[in-house]
């Protein structure tokens, strides 16, 4: 009896320890890849067409899902916002509510979540398959550094694309909110825009939103790249890596959003 | 200058304390086609990776052009690799690039040649492997044999001194196999290069190799010219060359008593 309890506890602790060591190892490997990506980034800018090509695949190809989602998010925000604001007689503030929600939070956060699901998974699967089919090894054997040639251009493409996508998300969201608030509900056109103009601050709202989306761009793209680069070279390995990209990116974005928001409100 | 372009001295290599290679010695003379043969899992491909500096030995040395590979820093290894070409088992073509761009890849990455010259060189390499007419195709549009030939054109794009082939005949139909076989020999002679072939296809390898090493149980089990090895009475070589199902390499994976296992009541 005592032996059985002792064995169970020992096994539990050893499993816990192994998992912790594995997580720490992966964190270290991820940090190392991030560092090497920065070190070997020169080529991404010297041969900017490599980065631009990836901006097309990660950014432009994500436009549809971003724009459609933004439109609906904006419309729902206007509906919910009007429903609450009219109770306090301030339905003209609907424009401010929609704009601030989008620029400060929903624009960067939802864009990052969609980016992780659309572009992040594509990046992980592509790199993972390149590894499984020995394309990265082939590059190494040709004396071409895969981090400089494959990883770094994708990283910078993600960092460039994310703020642009977030800005588009916010713009389209505001347009969706406008269409619901003004033509559909009947809020005054002038009040909608003038309140927005008066109450959305460039430094506190827009710039902070851009900073958030830049941070999310770094985090989401790096997670996607690392998961692909570290994936076991099998179909199952790539599939698990793709799933991990979405899960880890989403949780990281939400956690980082809280941290960044805390700092931005304090400073 | 030594006549051997690649030398392996007392090389041992393993993972997690288990040695895959034990004190292996091999030499690869300039201008020759040398084959490394052995069963699946005998560490043949690992030897190519050791020569290419992708992994480091536990002890011993691999020297390429007189330089110890694992003592080189990253730039030194890349310098050595510029003189090597490697054909991977499944080609490892870049799937997002066309046949033309795949062959042009090492030229664009490692040289400052003008695009017009790269175009001519790529077409020459593709013509040598008989696929000039396929230069606009994507890798997904190629058969296994064609992909292997494009990969071969890419491997020799910069006229390397050493060309390494990892299972070049695996999974090919007899016609493609014959074509690849012929190309390996003719490209080696035309470029004055040294070819290292890793394979377990006896017939094709013996047709083109000048010298053959047999690897088994982590050691060089036999070596010699294809003719010598065909006549060999060594049990392992005899079993391998003649494709006998049982011999020093057992048919059965090590297991306990067959009878006892069948009579056992519980599930395994």
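Readers should treat all values here as calculations from the given coordinates under stated rules, not as data from a laboratory. Predicted model only: the values in this text are computed from it and were never measured. Cβ placement follows ideal geometry from the backbone for every residue including glycine, while neighbour counts extend to all protein chains displayed.
Here are a few things to note about the model shown:
- Given R0 = 35 Å, the distance between the Cβ atoms of residue A:63 and residue B:67 translates into a calculated FRET efficiency of 0.10.
- Helical content alone sets the calculated 222 nm signal of chain A at -26000 deg cm²/dmol, taking -39,500 (n - 2.57) per DSSP H segment of four or more residues and averaging over every residue.
- Stokes-Einstein D in µm²/s, Kirkwood radius over Cα pairs - region A:167-245 at 4 °C with 1.567 mPa s viscosity: 81
- Highest-first arrangement of A:51-64, A:120-133, where packing means the average Cβ count within 10 Å: A:120-133, A:51-64
- Helix A:208-230 vs. chain A, principal-axis angle (Cα, 0 to 90°, nearest 10): 30
- Under the simplified labelling scheme, the residue B:10-residue B:124 pair shows an inter-label distance of 4.5 nm, with each label point 7 Å from Cα along Cα→Cβ.
- Mean Cβ neighbour count within 10 Å, used as a protection proxy, ranking A:19-29, B:156-166 highest first: B:156-166, A:19-29
- Rounded to 5, percent antiparallel among DSSP beta bridges of the protein assembly as shown: 55
- With the helix formula -39500 (n - 2.57) applied to DSSP H stretches of n ≥ 4, chain B reaches a computed 222 nm mean residue ellipticity of -10500 deg cm²/dmol.
- Region B:183-268, relative contact order in percent, only Cα pairs under 8 angstrom and at least six apart counted: 14
- Placing a label point 7 Å from the Cα of residue A:247 along the Cα-to-Cβ direction, the residues of region A:201-224 whose backbone N falls under 20 Å from that point are A:219-224.
- One quarter of the convex hull surface built on the alpha carbon atoms of chain A amounts to 20.2 nm², the projected area averaged over directions.
- Residue mean of other protein chain beta carbons inside 10 Å, B:75-81: 2
- The smallest convex shape that holds all Cα atoms of region B:113-201, its convex hull, gives 97 Å³ per residue.
- Relative intensity of region B:4-263 on a log10 scale, I(q)/I(0) at q = 0.07, 0.13 Å⁻¹, equals -0.27, -0.87, per a Debye sum over C-alpha point scatterers of equal strength in the absence of solvent.
- Per-residue mean of C-beta atoms belonging to partner chains within 10 Å, peptide A:122-133: 1
- Cβ-Cβ distance of residue A:258 and residue A:7, R₀ of 51 Å, FRET efficiency by 1/(1 + (r/R0)^6): the value works out to about 0.80.
- Scattering from region B:62-213 was approximated by placing one identical point on each alpha carbon and applying the Debye formula without solvent; log10 I(q)/I(0) at 0.16 1/Å stands at -0.89.
- Euclidean distance between Cα centres, region A:111-158 to region A:174-242, Å: 23
- Span from the region B:146-188 Cα centroid across to the region B:1-42 one, whole angstrom: 21
- The protection proxy used here, the mean number of other Cβ atoms lying within 10 Å of each residue, ranks peptides B:56-69, A:167-180 as follows, highest first: A:167-180, B:56-69.
- Note on region A:64-108: semi-axes of the ellipsoid equivalent to its C-alpha gyration tensor, largest first and rounded to whole Å, are 21, 11, 6.
- Taking the square roots of five times each eigenvalue of the Cα gyration tensor of the protein assembly as shown, the equivalent ellipsoid has semi-axes of 56, 31, 20 Å, listed largest first.
- Neighbouring Cβ atoms from other chains, within 10 Å of the Cβ of residues in B:52-59, number 1 on average.
- Model label points for residue A:202 and residue B:228, set 7 angstrom from Cα along the Cα-to-Cβ axis, are 8.2 nm apart.
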